[in-house]
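Student: What follows is a structure written as structure tokens; I'll ask about it next.
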Amino acid sequence: MSVSAVLAVVVGVLVAGGVVLLLERSLTRVLLGAALLGNGINVMILAMGGAAGEAPIIGQGPKDEMADPIPQVMILTSIVITFAMTAFLLALAYRSWQLQGNDEVQDDVEDRLVANRRESEPEDTGADADLEAAQDAQAAVEETPSKADDAAIGREHA
């Protein structure tokens, strides 16, 4: 297997693992997925950069033997962006852990409404369906913790 094929397999594994972890509900797994995805993209840019060469300084050697500096700059920028995003997600997960005792993302009221509508039968049309949708919306609102509940949870953990 050539070096390019090995790098392609490494890129595929890192990006696939990163995407799978990004789709999880736990913020810690999302954090790990973002880091894996960033590293996979860095390896992809490295593989696309071509063969190594001389330092890209004009006047130091022939232009044919110089390395392309653009992939190096792009990887450096990507590393900085990935680090900043990792720090932000880490702070988000820590704050979620402080307030709720876990780092899982909660369902949104609208998400519950969509899930309830998908479960309902497609024959439901008319006034009965509107009444049922209103009842589902009220049930979803009652199940969702309010901001007062969140503040009470925050006071308990403080």
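The values are calculated or read from the model by the stated rules, or taken from the named source; none is laboratory data. What you see is a predicted model, and the numbers here were worked out from it, not measured in a lab. Counting neighbours? That spans all protein chains shown, and the Cβs are built from the backbone with ideal geometry, glycine included.
Student: Would you call GLN60 surrounded by 11 or more Cβ atoms within 10 Å (Cβ to Cβ) and modelled with pLDDT under 90? Walk me through how you get there before you give the answer.
Tutor: Working: surrounded by 11 or more Cβ atoms within 10 Å (Cβ to Cβ): no; modelled with pLDDT under 90: yes.
Taking the combined requirement at face value, the residue does not satisfy it.
Student: Answer yes if at least one residue in the range 24-38 is of a type outside the set (Asp, Glu) and either surrounded by fewer than 12 Cβ atoms within 10 Å (Cβ to Cβ) or in a loop (DSSP other than H, G, I, E, B) (or both), and no otherwise.
Tutor: Yes - at least one qualifying residue is present in the range 24-38.
Student: Restricting to the range 15-56, count the residues that are of a type in the set (Val, Ile, Thr) and under 22 Å from ALA5 (Cβ atoms).
Tutor: Qualifying residue count, the range 15-56: 5.
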